[in-house]
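Take a look at the structure below.
The values are calculated or read from the model by the stated rules, or taken from the named source; none is laboratory data. On a predicted model such as this, the values are computed, not experimentally measured, just so you know. With ideal geometry, Cβ positions are generated from the backbone for all residues, glycine too; neighbour counts draw on all protein chains shown. Side chains included, ligands, DNA and RNA excluded: accessible areas come from the protein's heavy atoms. Shrake-Rupley method; radii C 1.70, N 1.55, O 1.52, S 1.80 Å.
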Amino acid sequence: PQHFLLNSYPNPFNPIVKIALSVPERGFIIVDIVDIQGRKLTSLANENYHPGYYALTWDASNYSSGVYFVTLTANNTRFTKKILLLK
């Protein structure tokens, strides 16, 4: 990959969403799920990654319908995508 990318599908989802990310360089990657109030609910990734394409899964069965955010933090880069849980 040439750039960091962060995508989610399906969106809206119920109750499982797949998070696709591309990592262009080796580094420490953090992928967090955050609620609308900014509270971190879970961390899907928190480790070193090699360049490549990755897929993560979040099961939101224990959470209520609403807007959530997926945040990718790597090196000096941060991306955030909005996801919608509909039950």
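Open to solvent by 40 Å² or more (accessible area, probe 1.4 Å), hydroxyl-bearing (Ser, Thr, Tyr), touching a residue at least 40 places away in the same chain (Cβ under 8 Å) and in a strand (DSSP E or B) - does that describe any residue in segment 29-49?
Checked segment 29-49: no residue is open to solvent by 40 Å² or more (accessible area, probe 1.4 Å), hydroxyl-bearing (Ser, Thr, Tyr), touching a residue at least 40 places away in the same chain (Cβ under 8 Å) and in a strand (DSSP E or B).
Being more than 10 Å from the chain's Cα centre (by Cα), modelled with pLDDT under 95 and part of a strand (DSSP E or B) is the filter here; which residues of segment 76-87 pass it?
Start the filter on segment 76-87 by keeping residues that are more than 10 Å from the chain's Cα centre (by Cα), which leaves 76-78, 84-87.
Retained after the next criterion (residues that are modelled with pLDDT under 95): 76-78, 87.
Of everything in segment 76-87, those that are more than 10 Å from the chain's Cα centre (by Cα), modelled with pLDDT under 95 and part of a strand (DSSP E or B) turn out to be Thr77, Arg78.
Select, from Thr71, Thr57, the only residue that is touching a Lys or Arg at 6+ places or on another chain (Cβ under 9 Å), part of a strand (DSSP E or B) and surrounded by 11 or more Cβ atoms within 10 Å (Cβ to Cβ).
On the way: Thr57 fails: surrounded by 11 or more Cβ atoms within 10 Å (Cβ to Cβ).
After ruling out the rest, the residue left standing is Thr71.
Kindly establish whether Thr73 is within 10 Å of the chain's Cα centre (by Cα) and of a type in the set (Ser, Thr, Tyr).
Details: within 10 Å of the chain's Cα centre (by Cα): yes; of a type in the set (Ser, Thr, Tyr): yes.
In short, yes.
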